[in-house]
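To start, the structure under review is shown below, and the notes come after it.
The values are calculated or read from the model by the stated rules, or taken from the named source; none is laboratory data. All values derive from a computational prediction rather than experimental measurement. Note: ideal-geometry Cβ built from the backbone for every residue, glycine included; neighbour counts use all protein chains shown. Accessible surface is based on the protein model in full, side chains and every heavy atom, while ligands, DNA and RNA are left aside. Shrake-Rupley method; radii C 1.70, N 1.55, O 1.52, S 1.80 Å.
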Amino acid sequence: MTNSPKTGTTDKSSQNQMLRGSAWMTAGSIFSRILGAVYVIPWPIWFGSNFLQANTLFARGYQIYSVFLVISTAGIPGALSKQIARYNEMNEYGVGQRLFKKSLILMLGMGVLSALALYALAPVLAAGDPRMVPVFRSLSWPLLVIPLLSIMRGYFQGYSEMAPSAISQFIEQVARVLYMTVSAFMIMQVMKGSYVDAVTQATFAAFIGAAAGLLLLIFHYIKQRGRISQLIAGSNNQLEVSTTDLLKGIIRQSIPFIVIDASVNLVYIIDQYTFNPMMHDFVIANNHQLDNLYALFAANANKLISITVSLAAAMAVTAVPLMSAAHVRGNQKELRQQIGSTIQLFNLVMIPAAFGMAAVAEPLYTLFYSHDALGISVLQFSSYISILLGLFTVLGAILQGLYQNRLALFYLLIGFIVKIVAQYPAIYFFRVYGPLVSTGLAFATSSILMLAALHRYYHFDAWQTIRRLIGIVGFSVIMYLMTSLTVKGLLLVFNPQSRLQSVLVLAISVAVGGLVYAVLALKSRLADYVLGSNLDRFRRKLKLK
């Protein structure tokens, strides 16, 4: 297949680009999130009675760090991919290259400032808990590297090259998990040290991972320099943009990315600073007991649902440059199809993934933590809420790709208001489930408003999307029932308390659920309608007509 002289990309439809890009980003995100959760498996053994406290410190540190991370990158990687896709579509590769180099300098400065800020503010952010100070300070180091890592990912994504980002995510997590696992073992098992020291090293591992990912992207960039130089040489060179205008444009486009990217973490921070005080109004418990309850949804469940939410994040990263390029071409029919295809692809993948996680919650939770009835129930509920988190992520990305930044921010603001207003009554009525309920209400509100706006302005085929959504939900429910029955049947034979036996239960149940959903989606041709490709070869393998 030849390269288009205009864009330098292959002559494929935007839908195929979306599928290919999403496949790469999904693979990278899934493997990265799984690796990112693997460290938890030995922690209950190594940390013993301090496990939940250690997990709480880790979660609280990462939630604040995640906001600093979004601020340090200033939304520029997402804005950069969007702007580079725009200039590439105009055959102005030279402008995109200048923008990339200026953004690298800007991001280096942002990284240094944010790292110094987190280090200095650690005692304040600790909110009276001295254990948190070293944790926050260890997380200031990756802020020096990750902005550069992110900007390089945004650069490749602007060319619709998702493979470098996906592979670098995987390498980043391998290095990170290896360091945090070895350091935790050495401190807790060999040196019999403090769990606070072990958590501090586990959070510092983010720096090790980021450095490994950055080195990989630098190597890939050096390999691609020849091809990129040819594209720049063939540019129109008719667009004159000053350095100041380039930076102004990227900063202006980056502001919505800052807020949208940080939105989930900001909601989690609301939980972090309100859960214990609000619970004190309703229950008699000390802070240690409330920390353990907080860990069930904020650390344990969130760690696992991040695996399914990463599916949506992968689609969002892929959607932004594609939407931006389609917007430049001004083809309204293509835009409508692209919006509908993105939403339907999200439904086809995310909904069964969430239902599947709810179905296997018991062996999954036991494997990563231990058998705990309340923890399992919280994970099941969180699995369904993850659909709303993912939907918001994808819709926010679509709006930003279409330059509807103000709308995205406005609807997010409404969601935040719903979260704040609903938090106290939700905790009153639902206790540990309360923060999940208010989060679900917040993102459901924002998502409904975003969907309405996309239909109002771009007239995508909502009825077709709804019809296919009904089919996807129906198939997901059937898959859930079959998987749940498989789990219950296997747990009559295997010990539900055993982490090792939970691996077998999980493997068999996931295989059954995946097969059931695949058969239903292929037999009904639903997968063909959404993916827009002929899947007969898969039907032949499964002996389906």
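Side notes on the structure shown:
- Three-way shape call for segment 162-224 based on the alpha-carbon gyration tensor, with the a/c threshold at 1.5: prolate
- For the residue pairs Lys82/Lys248; Lys333/Lys523; Lys101/Lys223; Lys192/Lys303, the C-alpha atoms sit more than 22 angstrom apart in Lys333/Lys523; Lys192/Lys303.
- Contour minus Cα-Cα distance for Tyr221 and Ile41 (0.36 nm per residue): 61.2 nm
- Taking all protein chains as shown and a probe of 1.4 angstrom, Met162 keeps an accessible surface of around 10 Å².
- With every protein chain in place and a 1.4 angstrom probe, the accessible-area ranking of Trp46, Trp141, largest first, reads Trp141, Trp46.
- Spin-label model distance (nm) - Ile420 vs Ser229, 7 Å beyond Cα toward Cβ: 5.4 nm
- The per residue volume of the convex hull around the alpha-carbon atoms of the chain is 151 Å³.
- Theoretical FRET efficiency, 1/(1+(r/R0)^6), r = Cβ-Cβ of Ser194 and Leu121, R0 30 Å, to 0.05: 0.80
- Gyration tensor (alpha-carbon) shape descriptor, segment 350-461, a/c threshold 1.5: oblate
- Taking a span of 27 Å or more along the helix axis (Cα atoms) and a mean Kyte-Doolittle hydropathy of at least 1.6 as the rule, the DSSP H helices of the chain that qualify are 373-401, 499-523.
- Per residue, the convex hull spanned by the alpha carbons of segment 117-222 comes to 94 Å³.
- Three-way shape call for segment 429-545 based on the alpha-carbon gyration tensor, with the a/c threshold at 1.5: oblate
- When Lys82, Lys541 are compared by accessible area of protein heavy atoms, the largest-first order is Lys541, Lys82, using a 1.4 Å probe.
- Set of aspartates and glutamates with alpha-carbon distance to Lys543 below 20 Å, sequence-local pairs under 8 removed: Asp528
- Calculated [θ] (222 nm, deg cm²/dmol) that DSSP helices of n ≥ 4 give over the chain, each run adding -39,500 (n - 2.57): -28000 deg cm²/dmol
- Averaging the sequence gap over all C-alpha pairs within less than 8 Å and six or more residues apart, then dividing by the number of residues, gives the chain a relative contact order of 18 percent.
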